[in-house]
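**Q** Quick one: the structure is below, questions incoming.
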Amino acid sequence: MVLFTFQSILSTTYNLFAHIQDQQERIRRIFRLMVKLTSLITIPVMMVLIASAEPLFYTLFGEKWMDSVPYFQWICAANLWSTIYLINNHALNSVGKSHISFRIELLKRGLTLATLVAALYWNHLHPEAGIGTQITRVLMGYAFACTAAWLLSMWCIKRHFAISGLEQVDDLLPAVGLGFLLAASCYGLGCLTTNLYIRCIVELGAAVVLYIGLLRILSPSTWIRIVNYLKNRQLRS
């Protein structure tokens, strides 16, 4: 749901980039700002969902769905960079490089298909592994394809917008660091009790409080920008 929400919001970024396509420096500045703000929301959320998947699934769906937890975690891992990948593609499309983003998407689909075939072949060789392990192998291949496509889109951004790889990584580091910290807190708090209902409340509650607190203390300007960004998008919709 988080990704669908942001994909609908970020669908307007193409028009924004297209409107200023002749202003290279302005595109670079706005692009990097959007990556920073978007990643600070989506990446920590996805990492918390991965860390708290077990108590979350138990609370929402019951014990019979617990076998699906690893699948959910791999799907979250596969989509960890999806909003950044979307911004990269919109930026490329806006300056007349839609053929590049199209080829990247084709490569992503091809890698997904190739890893699917490889996983199915592995499953054929190891039928004793069980259906759960077999599905996990398929999702691992999907995660690899999504990550490879995102990395390739980063390289294209470097080439066509003169934003170096180090600059792009630097824009993502705060979100990744915050995500790891929140995920680690969820894992740590999960060791305090075996009751999954309590774990769900404590882990997610602590993650929300810690996220807001750290962001407001360490980067109040970023917190204000995120709040204003979401308010403006809500008013426009």
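**Q** What number goes with the only condition from (1) in contact with a helix residue (DSSP H, G or I) (Cβ under 7 Å, 6 or more places away or on another chain); (2) in a helix (DSSP H, G or I) that Ile163 does not pass?
**A** (2)
**Q** For the subset of region 127-157 comprising residues that are in contact (Cβ under 8 Å) with a residue 12 or more places away in the chain and of a type in the set (Ser, Thr, Tyr), which member is nearest to Met34 (Cα to Cα)?
**A** Ser153
**Q** So, one more: How many residues are assigned to a helix (DSSP H, G or I) and over 15 Å from Leu56 (Cβ atoms) when one looks only at region 186-235?
**A** Of the residues in region 186-235, 27 are assigned to a helix (DSSP H, G or I) and over 15 Å from Leu56 (Cβ atoms).
Results for (1) of a type in the set (Lys, Arg); (2) touching a residue at least 40 places away in the same chain (Cβ under 8 Å); (3) surrounded by 14 or more Cβ atoms within 10 Å (Cβ to Cβ), shown as yes or no for each residue.
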| residue | (1), (2), (3) |
| --- | --- |
| Arg159 | yes, no, no |
| Leu166 | no, no, no |
| Val176 | no, yes, yes |
| Leu189 | no, no, yes |
| Leu215 | no, yes, yes |
| Ile224 | no, no, no |
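**Q** For Ile41, which of the numbered conditions (1) outside any helix (DSSP H, G or I); (2) buried (at least 17 other Cβ atoms within 10 Å of the Cβ); (3) not small (Gly, Ala, Ser) fails to hold?
**A** The one condition Ile41 does not meet is (1).
**Q** Then there's this: I'd like the residue in region 92-109 that is hydrophobic (A, V, I, L, M, F, W, C) and part of a helix (DSSP H, G or I) and, out of all such residues, is surrounded by the most Cβ atoms within 10 Å (Cβ to Cβ).
**A** Among those residues, the one meeting the criterion is Leu92.
**Q** Which number in (1) aliphatic (A, V, I, L, M); (2) crowded, with 16+ Cβ neighbours inside 10 Å; (3) assigned to a helix (DSSP H, G or I) marks the one condition that Leu113 misses?
**A** Only one criterion is unmet by Leu113, namely (2).
**Q** Which numbered condition in (1) within 30 Å of Ala183 (Cβ to Cβ); (2) surrounded by fewer than 17 Cβ atoms within 10 Å (Cβ to Cβ); (3) charged (D, E, K, R) is the only one that Glu128 fails?
**A** Here Glu128 meets the rest and fails (1).
**Q** While we're looking at this one, here's another question. Considering only region 207-230, I want to know if a residue exists there that is touching a Phe, Trp or Tyr at 6+ places or on another chain (Cβ under 6 Å) and among the charged types (D, E, K, R).
**A** yes
**Q** Same structure, new question: Quick one: which residue in Arg32, Arg26 is in a helix (DSSP H, G or I), modelled with pLDDT under 85 and among the charged types (D, E, K, R)?
**A** Of the residues listed, the single one that is in a helix (DSSP H, G or I), modelled with pLDDT under 85 and among the charged types (D, E, K, R) is Arg26.
The values are calculated or read from the model by the stated rules, or taken from the named source; none is laboratory data. It should be emphasised that the depicted structure is a prediction, and the values quoted were computed from it without experimental measurement. Glycine also receives a Cβ, built like all others from the backbone with ideal geometry; neighbour counts cover every protein chain displayed.
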